[in-house]
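Asks: If you scroll down you'll find the structure; I have some questions about it.
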Amino acid sequence: MDATDGPGRLLEISGSYWQGCALQAAAMLDVFTPLCREPLDAAELTARLGCDARALAMLLDALAAMGLLTREAGRCVPTPCARAFLDRESPRCVAHVLRHHHRIMGSWARLPEAVRTGRPLGEHMTDHGDPGAREDFLLAMDGIATAIAPGLAATVDLAGRRRFLDVGGGPGTYASHFCLANPELTATVFDLPGSREYARAKAARLGVADRVDFHAGDYLRDPMPAGYDVAWLSQILHAEDPAGCRTVIAKAVASVVPGGLVFVHEFMLDDARDGPLFATLFSLNMLLGTPRGQAYAEGEIREMLEEAGVREVKRLDFTGPNGSRILCGRVPAEAAAG
């Protein structure tokens, strides 16, 4: 971007949150679920949702302009994208993610304050004093992981591996899908107690409840169970400072038998720290929502793994949604024994 572009691109970036807010409002109000059952006009939808008629009509106009609705004989009809991803009853629904984004929007408005002070703003990112926040967060993480896990589990070679530890695994999406793809595999989800029922429900839905168990614990403070062939750390390091990351990685390495594998899946920065764009913005999201969290450069995570004794560290041929990456390494006998 240079001066010849004029101010238009800057103003477009600055105002892009308007569309995000409109989309999040639709998710919070559950606009699309009734429309996916039958087309409704604005008055009928107003009655269903209990909204102000004038205000809802304005929101519907915006959603139509965004390509999420069409109108047929005055009735609102969701587009295929909206049907697939904004209907509460769709297995691919991402409304939980959008509602999570809505809950953290207020913190983003105070980003200058966070940059001046270096301190997070408001309540914990998964709390917000809202009883639905934790559920939306876990279901959002499940939805994002579900878009990745089946294909990833089918391509990552775990031949000969028998025990899989999903560290900070929340709903256990990866644990369940890796078990589904590897009939000889059993898995343990290690996370805080509040994730237990979500992980059990996920395993049951995928038909692997007999091969996925749950071990409650805090990965910074509690010992991890041992004797695993694989430790999987997906999207947890970004919530911690470097010392916390080293603690989690060291515990994961200690949980793995000699010759076992350690995987780290994260939104990693390039080593020059000037991209990818999403990872740089996600790092600011961690500034707003955690005491010391941030995105880390690929080289930083590689160095942490090697410091913990992991060898043959390599980046997998994988790029996930929003540019996530995976590093994998092997635990030699001397590291596991130490």
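Asks: Once all Cα-Cα distances of the range 29-124 are split into 10 Å bins that start at 0, what whole-number percent is in each one?
Replies: 15, 38, 25, 16, 6, 0
Asks: Something else now. Please report the net charge: other residues with Cβ closer than 11 Å to the Cβ of V189, K and R +1, D and E -1.
Replies: Taking every Cβ under 11 Å from that of V189, the sum is 0.
Asks: Applying the Karplus parametrisation 6.51 cos²θ - 1.76 cosθ + 1.60 with θ = phi - 60° to the phi angles of the range 12-20, what ³J(HN,Hα) value in whole Hz is obtained for each residue in order, glycine and proline being reported as x?
Replies: 4, 5, 4, x, 5, 5, 4, 4, x
Asks: What fraction of the Cα pairs in the range 152-227, stated in percent, has a spacing above 14 angstrom?
Replies: Beyond 14 Å sits 54 percent of the P(r) for the range 152-227.
Asks: Taking the Cα atoms of the range 71-197, report the difference between the largest and smallest coordinate on each principal axis, in whole Å and largest first.
Replies: Its Cα atoms span 53, 52, 25 Å along the three principal axes.
Asks: Ordered by residue, what ³J(HN,Hα) values in Hz, to whole numbers, does the range 86-102 give under the Karplus form 6.51 cos²θ - 1.76 cosθ + 1.60, where θ = phi - 60° and Gly and Pro are x?
Replies: Whole-Hz 3J(HN,Hα) from phi for the range 86-102: 10, 7, 3, 8, 7, x, 9, 4, 10, 4, 4, 5, 5, 5, 4, 4, 4.
Asks: Can you give the charge dipole size of the chain about its Cα centre, rounded to the nearest 20 debye, using +1 on the beta carbon of Lys and Arg and -1 on the beta carbon of Asp and Glu?
Replies: Approximately 400 debye in magnitude.
Asks: Here is a follow-up. Which net charge results for the neighbourhood of L60, defined as the other residues with beta-carbon distances under 14 angstrom from its beta-carbon, given Lys and Arg at +1 and Asp and Glu at -1?
Replies: Net of charged neighbours comes to -2.
Asks: With r as the distance between the Cβ atoms of A201 and R221 and R0 = 25 Å, compute the FRET efficiency 1/(1 + (r/R0)^6) and round to 0.05.
Replies: 0.45
Asks: So with the 1.4 Å probe, I'd like the accessible area per residue for the chain, rounded to whole Å².
Replies: Counting only protein heavy atoms, the per-residue value for the chain is 48 Å².
Asks: Still on this structure, please answer the following. Taking the range 100-200, which GluC sites (Glu not before Pro) meet the DSSP loop condition and have no more than 12 other C-beta atoms within 10 Å?
Replies: When the GluC sites (Glu not before Pro) of the range 100-200 are filtered for loop state and at most 12 Cβ neighbours within 10 Å, E184 remain.
Asks: Once fully extended, how much extra length lies between R116 and D271, figured as 0.36 nm per residue of separation less the alpha-carbon to alpha-carbon distance?
Replies: Stretched out fully, the R116 to D271 stretch lengthens by 53.3 nm.
Asks: Relative contact order of the chain, please, whole-number percent, based on alpha carbon pairs below 8 angstrom and at least 6 residues apart.
Replies: RCO, the chain: 12 percent.
Asks: Something else now. Give me, ordered by chain and number, the residues 5 or more places off M268 or on other chains with an amide H under 5 Å from its own placed amide H.
Replies: R325
Asks: If each residue of separation counts as 0.36 nm, what is the full-extension length gain between E38 and V257 once their alpha-carbon separation is subtracted?
Replies: Stretched fully, the E38-V257 segment lengthens by 73.3 nm.
Asks: Quick one: pull the percent of accessible area on the range 144-288 belonging to carbon and sulfur, 1.4 Å probe, ligands and nucleic acids left out.
Replies: The C+S portion of the solvent-accessible surface of the range 144-288 is 57 percent.
Asks: With charges only on Cβ, +1 for K and R and -1 for D and E, what is the dipole size of the range 9-157 about its Cα centre, in debye, rounded to 20?
Replies: Around 320 debye, computed over the range 9-157.
Asks: Provide the gained length on full extension for the span T70 to E312, in nm with one decimal, where the gain is 0.36 nm per separating residue minus the Cα-Cα distance.
Replies: Net length gain for the segment: 81.8 nm.
Asks: If you don't mind, another one. With all protein chains present, how much of the accessible area of the range 33-119 (probe radius 1.4 Å) comes from carbon and sulfur, to the nearest whole percent?
Replies: The value for the range 33-119 is 57 percent carbon and sulfur by accessible area.
Asks: Also, quick follow-up: Out of the trypsin sites (Lys or Arg not before Pro) in the range 15-66, which ones are loop residues according to DSSP with at most 10 other C-beta atoms within 10 Å?
Replies: none
Asks: In addition: Just in the range 205-277: which trypsin sites (Lys or Arg not before Pro) are loop by DSSP and have at most 14 other Cβ atoms within 10 Å?
Replies: Of the trypsin sites (Lys or Arg not before Pro), the ones in loops of the range 205-277 whose Cβ has at most 14 other Cβ atoms within 10 Å are R221, R273.
Asks: Separate question: What list of ³J(HN,Hα) couplings, whole Hz, do you get for the range 178-195 from phi and the Karplus terms 6.51, -1.76, 1.60, once you set θ to phi - 60° and write x for glycine and proline?
Replies: 5, 5, 4, 7, 10, x, 8, 8, 10, 9, 10, 9, 10, 7, 5, x, x, 8
Asks: Oh, and also: What is the magnitude of the charge dipole of the range 125-276 about its Cα centre, with +1 placed on the Cβ of each Lys and Arg, -1 on the Cβ of each Asp and Glu, and no other charges, expressed in debye to the nearest 20?
Replies: In debye, rounded to 20, the range 125-276 gives about 540.
The values are calculated or read from the model by the stated rules, or taken from the named source; none is laboratory data. Source: prediction; values computed, not measured. Glycine also receives a Cβ, built like all others from the backbone with ideal geometry; neighbour counts cover every protein chain displayed. Surface areas here come from the heavy atoms of the whole protein model, side chains and all, with no ligands, DNA or RNA. Shrake-Rupley method; radii C 1.70, N 1.55, O 1.52, S 1.80 Å.
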